[in-house]
Structure formats: C-alpha cells, structure tokens
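Please read the structure below before turning to the comments.
Coordinate-derived values only; no laboratory data. The structure presented is a predicted model; accordingly, all values stated were derived computationally and were not measured. Here Cβ is always computed from backbone atoms with ideal geometry, including for glycine, and neighbour counts include all displayed protein chains.
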Amino acid sequence: QVQVTESGGGLVQAGGSLNLSCATSGRTISIYKMAWFRQTTGKEREFVASITWSGGRTFYADSVKGRFTISRDNVKNTVALQMNSLQPEDTAAYYCATGGPGSSRWASDYNFWGRGTQVTVSS
C-alpha cells in the first residue's frame, strides 16, 4: 500500500499562483508514474498533469499547458504542481495519484490516490 497526501491548496485571486505538494509513504518502491487530477462537483475527474518515474517526460492537459509545471523528487518520494496564472475555471479539488510504469492520462491507470486539496480561484 501507498499513502498519498496532498497539501498546498487554498484561495487565490485570478492571475495568482499556488504550489501543490504530494507526499507519499508506505510501499513507495512500487511508485512509478505520478499525476495530478482535478474534479469539480458533478463532473468527472479530469487529468491535469503527469510525470514519469525518471522525471524525463511530463504531460499536461491542454487547459493548463504553459501555466502549470509538474515535478518530482524521487529521494523524498514527492511530486509538486506549480500553478501560475490561475483562473476561476481552475477551481477544483486537486488529487495526487501514483501508478506503475509508463505514463497515462487515465485515472483508471493509477493505483493510489490522496483525499484531495481544494483550490479556489476568485475572479
């Protein structure tokens, strides 16, 4: 089992920035790809960004490309999401997820999830 815990959410004005962090513990040797998803009430969980184990490949949803940056620290088993130029449409609960080898934009390909951290962007 892997425990996943997100932090760093909050309330920010449009145009502002936030940095989300995700800490993992437990059987971290099984962690390969890591990702961030987000979800608003009544909608399906949406892919935001992912990163491969080496950190050499990153992937982004078109809606956040150029504004968000995902990074990871394999020594600390953490992943971060730097969010700049935030807009009201970025308001959501943000979830960190871990999975096996490879890369994926599909939530079903990730095994362990955190409980989420709320990001609210005011206009």
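Before moving on, here are some points about what is shown:
- Across the chain, Cα pairs under 8 Å and at least six residues apart give a relative contact order of 36 percent.
- Between the amide H of residue 68 and those of 84, distances stay under 5 Å, these residues lying 5 or more places away or on another chain, with hydrogens modeled in the peptide plane.
- Electrostatic bookkeeping for residue 108 treats Lys and Arg as +1 and Asp and Glu as -1; over the other residues with beta carbon under 14 Å from its beta carbon, the sum is 0.
- Gaussian network model of the chain, Cα within-10 Å springs - most flexible of 102, 15, 42: 42
- Of the GluC sites (Glu not before Pro) found in segment 18-123, those that fall in a DSSP loop while having at most 12 other beta-carbon atoms within 10 Å are 44.
- A Cβ-based charge dipole, computed about the Cα centre of the chain with Lys and Arg at +1 and Asp and Glu at -1, lands at about 260 debye.
- Cα gyration tensor shape of segment 57-114, rounded if a/c is under 1.5, else prolate or oblate by comparing a/b with b/c: prolate
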